[in-house]
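Inspection log for the structure reproduced underneath, given as structure tokens.
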Amino acid sequence: MAGAAAEERRLATVVAGWQGRPVLVVGDAMLDEWRFAESERLCREAPAPVLTLRRRISAAGGAANTAVNVAALGGRAALVAPVGADVAGDELHDCLDRAGVWDRTVGHPGRPTPVKRRMLAGNQILLREDSGDPEDPLDDDGVARLLTALHCATEELRAVAAGQPPTLVVCDYGLGALPSAVRAWLVANRDRYATVALDAHDLADWRGLNPTVVTPSFAEATRLLARAAAGFNGGHRSAARGATAGHLHLDHLADPADGPSELVVGAAPGGAGEREPGSPHPTSGAPAAEHGGGVAGPTGEPTPGEERVALTGDGLSVTGTGVTVNAAAGAGVDRAVLAESRLDELREHTGADVVAVTLDTEGAVVGGADGEPRRSHSTPVPASHAVGAGDAYLAAMTLALAAEASLPTAAQLAQLAATITVSDTGTCVCRREDLLDALGSGPEEAGRSTQVGAEELTAIVAEHRRAGRSIVFTNGCFDVLHPGHVRYLTQARALGDLLVVAVNSDGSVRRLKGPDRPVNPVEDRAALLAALECVDHVVVFEEDSPAKLIEAVRPDVYVKGGDYPPEMVPEAPLVRRLGGQVRTLGYVPDRSTSAIIDRIRSHPVVPPVGEGRPA
């Protein structure tokens, strides 16, 4: 239990560390509309339910919801995206304002705002109506204004971060918000951003961006591997088709006990997997012309035109549009295992430091430069509960990496953020308070003092230092806590962002002060110090000198109490060698532990009535 509590406190420290971090989100913004209805009868015209609308909710969707999640988690989010000059656009602006997102969207009167309208009855989605044509391209003026907005928002975020480069999140869902000119600008200006996260339906469009992290779904990862096996653009359709048909892109075994499974895949743009006009449709056998001719690249979400490949478990290879799947991959193989085996390839093809393949309700598989895959799990929920959970995952992963958290920590927080948002129907948004509550540390607890061990303290200090905070360190016996101590510690806390107090163990105190000390055991002394508002962390050390802890913590400021100059502090040479400074703070006159103990001992002990004292 103690280890779990320490882990929760460490994660809460990371959440505190990304507070106010500037993040620019760019991509396809849309409006999510939820219509909740009741149905008590069927209509006379057909066996269809009659719906009575009871409630309507609008929420930011797509890139806009990613920005909302960044803001809700404590980051400083700015959104650059094309938005239509229509009612849906007005509602989207309201959603961004309520969430505290810096609305730097660009209005396009001739281009509607994409909307996803869901009709529900009994908490079940009955249908979804999508509006806003993804085929409507941005005109030259729209592209120019979008590039201007990107430049200005980048400089604006840099200014609030005291000149430090902001974080960039790209959300490309194929709805036309990121044409080639915008993609080229982002690739050319990659060095203006410290951390770059990419969530794209077609990752091959972003070659050269070299993002810090990409978060493809399993289908998107499959699509990229298919294109890579076909040489991306392939150069020649017949050659591309041959590559698709002749090479194994992804192995998968369907579990016959569960029946056929489905893998959503898309056409391989640029030639791979495309069909010549008149060639048979792979599922119906009809000429391709009857299905709209050649298959275009993925836009928005997988569509019937992108095909579904059914895995029958009969040991046969099934070829769909742009991907080959072998159902005879071997017993026990599942999506997580497949994703783990291809993480290095995905990193190579995307140029990303980190690849996180999301597996819907099965969690995610994450891999970094160390080559060690990390698996996270989620709780299965109804589909209506999980809309936008990927946006929460992306936002938390990005903020954690931007705060220089380790990859296991970032993956853990991202999965937790996605999981705790799926408790109800609607577009998922993870708030910082909810994440801290899930860690057992509410917002009022996140920055409070904590008793920690030496190893845990080292990790905590490292997280704070990566977030740019300065560390103040002091040590002492603190046997009888008095106002002099409180004033001294308050002054010490004012010298930096984090105050660590090291307390001598009972054995150490006896060696330093004599056999009749300490008066109070170390458990009581540490608990009282931890209760002070000015103290962030308390650690107990067994040695007579705190030198070992000082080397581990490497404080920016080392503080000692007393009226002597810093040069007389025994630890001063060590602190300065480690790059820190030494300060001495005087105690309050006539307020010392020894003086208090002497006064107590100077008073005669009067026995109570009945114990040698006359009544």
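In square nanometres, what is one fourth of the surface area of the convex hull spanned by the alpha carbons of the stretch 112-190? Could you put the intermediate results ahead of the total?
Numbers: hull surface 29.8 nm².
Result: a mean projected hull area of 7.4 nm².
Counting Lys +1, Arg +1, Asp -1, Glu -1, what net charge surrounds Val381 among other residues with beta carbon under 15 Å of its beta carbon?
It works out to a net charge of -3.
Using 1/(1 + (r/R0)^6) with R0 = 25 angstrom and r between the beta carbons of His377 and Glu7, what's the FRET efficiency to the nearest 0.05?
The pair His377/Glu7 has a calculated efficiency of 0.95.
State in Å² the accessible area per residue of the stretch 26-92; use a 1.4 Å probe, count heavy atoms of protein chains only, and round to the nearest integer. Don't skip to the end; give the middle numbers.
Details: 2750 Å² over 67 residues.
The answer is 41 Å² per residue.
Can you give the FRET efficiency to the nearest 0.05 for Asp497 and Met568, using r as the Cβ-Cβ distance and R₀ = 25 Å?
Calculated value: 0.40.
Give me, ordered by chain and number, the residues 5 or more places off Gln581 or on other chains with an amide H under 5 Å from its own placed amide H.
Amide H to amide H, under 5 Å and 5 or more residues apart or across chains, Gln581 pairs with Val557, Tyr558.
Quick one: compute the contact order of the stretch 159-228, relative version, from alpha carbon pairs under 8 angstrom and 6+ residues apart, as a percent.
Relative contact order for the stretch 159-228 comes out at 32 percent.
What translational D, rounded to a whole number of µm²/s, comes out for the stretch 336-394 from Stokes-Einstein when the hydrodynamic radius is the Kirkwood one over Cα pairs, at 20 °C and 1.002 mPa s?
Numbers: Rh = 12.1 Å.
D, rounded to a whole number, is 177 µm²/s.
Which value, in Å², gives the accessible area per residue of the stretch 136-175 when a 1.4 Å probe is used on the protein heavy atoms?
43 Å²
Per 0.36 nm of contour for each residue apart, how much would the distance between Ile57 and Glu551 grow if the chain were fully extended, relative to their Cα-Cα spacing?
Roughly 172.3 nm would be gained on extension.
Could you tell me the ratio Rg/Rh of the stretch 396-495? Both radii from Cα atoms, Rh via Kirkwood. Working shown, then result.
On the way: Rg = 17.6 Å, Rh = 16.3 Å.
Ratio of gyration radius to Kirkwood radius for the stretch 396-495: 1.08.
Before I look further, what does the stretch 369-425 give for accessible area per residue, probe 1.4 Å, in whole square angstrom?
About 36 Å² of surface per residue is accessible.
Of the accessible area of the stretch 94-176, with the probe set at 1.4 angstrom, what percent is carbon plus sulfur?
The computed percentage sits at 51.
What is the extension gain from Cys43 to Glu455, computed as 0.36 nm multiplied by their sequence separation minus the C-alpha to C-alpha distance, in nm to one decimal?
Working it through step by step, the gained length comes to 141.5 nm.
Give me the one-decimal nm value for the distance between modelled label points at Gln164 and Ala181, 7 Å along each residue's Cα-to-Cβ direction.
For the pair Gln164/Ala181, the computed spacing is 3.4 nm.
By a straight-distance test (C-alpha under 26 Å), which lysines pair with Lys513 as possible cross-link partners, with residues fewer than eight away in the same chain excluded?
Lys548, Lys560
Starting from 0.36 nm per residue, how many nanometres of slack lie between Arg577 and Glu129 once their C-alpha separation is accounted for?
Between Arg577 and Glu129, full extension yields 154.7 nm more.
What order do you get for 380-392, 407-419 when each peptide is scored by the mean count of other beta carbon atoms within 10 Å, highest first? Let's see the in-between values first.
Working: 380-392: 20.3, 407-419: 24.2.
The peptides rank, most packed first, as 407-419, 380-392.
Tell me, what is the FRET efficiency for Asp424 and Val87 to the nearest 0.05, using R0 = 30 angstrom and their Cβ-Cβ distance as r? Mind showing how you got there, number by number?
Values: r = 26 Å, r/R0 = 0.87.
Calculated transfer efficiency: 0.70.
Note the per residue figure in Å³ for the convex hull of the C-alpha positions in the stretch 1-114.
Measuring per residue, one finds 171 Å³ for the Cα hull of the stretch 1-114.
If you count, for each residue, the other Cβ atoms within 10 Å and average over each peptide, how do 33-45, 115-127 line up from highest to lowest?
115-127, 33-45
Show me 502-508, 455-461 ranked by packing, highest mean number of other Cβ atoms within 10 Å first. Present the calculation step by step, with values, prior to reporting the outcome.
Values: 502-508: 20.6, 455-461: 18.7.
Per-residue Cβ counts within 10 Å, averaged per peptide and sorted highest first, yield 502-508, 455-461.
The values are calculated or read from the model by the stated rules, or taken from the named source; none is laboratory data. Every value quoted in this text rests on a predicted model; they were computed, and no experiment measured them. Every residue, glycine among them, receives a Cβ derived from its backbone with ideal geometry; neighbour counts consider all protein chains shown. Side chains are part of the model used for accessible areas, which takes the heavy atoms of the whole protein and leaves out ligands, DNA and RNA. Shrake-Rupley method; radii C 1.70, N 1.55, O 1.52, S 1.80 Å.
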